[in-house]
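The values are calculated or read from the model by the stated rules, or taken from the named source; none is laboratory data. Keep in mind that this is a model prediction, so the values were computed, not measured. Please note: Cβ atoms are built from the backbone with ideal geometry, for glycine as well, and neighbour counts cover all protein chains shown.
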Amino acid sequence: MTEKVQFKHCFVCGPTNPIGLHAKIEEGKEKAWCKWTVKEDFVGYTNVLHGGILASIMDDLMAHATYSLGIEVVTAHLEMDYKSPAYVGDELDCEAHVTEVGKGRSMRLEGTICCGDRLVAQAKSVMVIVDHFGEDRK
């Protein structure tokens, strides 16, 4: 199981993004995971991680979960359920996995973000398979 960075400037996993999360995402068979520690730069309320950061992590993990299938996707729908706050200094265990490959171009995925035994968020998504990302577009 190896780490894969699809786009070096990705906000979530890109190592060259100066304001990014720099999450080290790993991939396995139809799943992806990472550990990430909450930093003060990403809070909403004092010491509480912004929910949009949780959604960004989950969105990226779900895309990475499809890479083991050799599939590139974009998000059509992301549903987040926030269960408890994450605080500055918390180490989060994040994972996502493919639950269904549709007959057309859609895929369904689920994932969770936990801090130890505490569930922070859970998510479901529908991803749409794309031919390429148009890297040549400016």
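Out of Met127, Met62, report the one residue that is part of a strand (DSSP E or B) and crowded, with 22+ Cβ neighbours inside 10 Å. Even if it seems obvious, please write down each step before you answer.
Values: Met62 fails: part of a strand (DSSP E or B).
Every option except Met127 fails the conditions.
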Would segment 16-24 turn up any residue that is surrounded by 13 or more Cβ atoms within 10 Å (Cβ to Cβ), touching a residue at least 12 places away in the same chain (Cβ under 8 Å) and over 19 Å from Cys114 (Cβ atoms)?
-> no
Would you check if Lys35 is in a loop (DSSP other than H, G, I, E, B), of a type in the set (D, E, K, R) and at negative phi?
-> no
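For segment 21-43, which residues satisfy the criterion of being small (Gly, Ala, Ser) and at pLDDT below 95? Walk me through how you get there before you give the answer.
Of segment 21-43, the ones small (Gly, Ala, Ser) are 23, 28, 32.
Selection gives Gly28 alone.
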How many residues are buried (at least 16 other Cβ atoms within 10 Å of the Cβ) and not hydrophobic (A, V, I, L, M, F, W, C) if we restrict to segment 27-59?
-> 5
Looking at (1) modelled with pLDDT of 95 or more; (2) among the aliphatic types (A, V, I, L, M); (3) out of contact with any Gly (no Cβ under 9 Å at 6 or more places or on another chain); (4) under 25 Å from Val128 (Cα atoms), which is the one condition that is false for Val88?
-> (4)
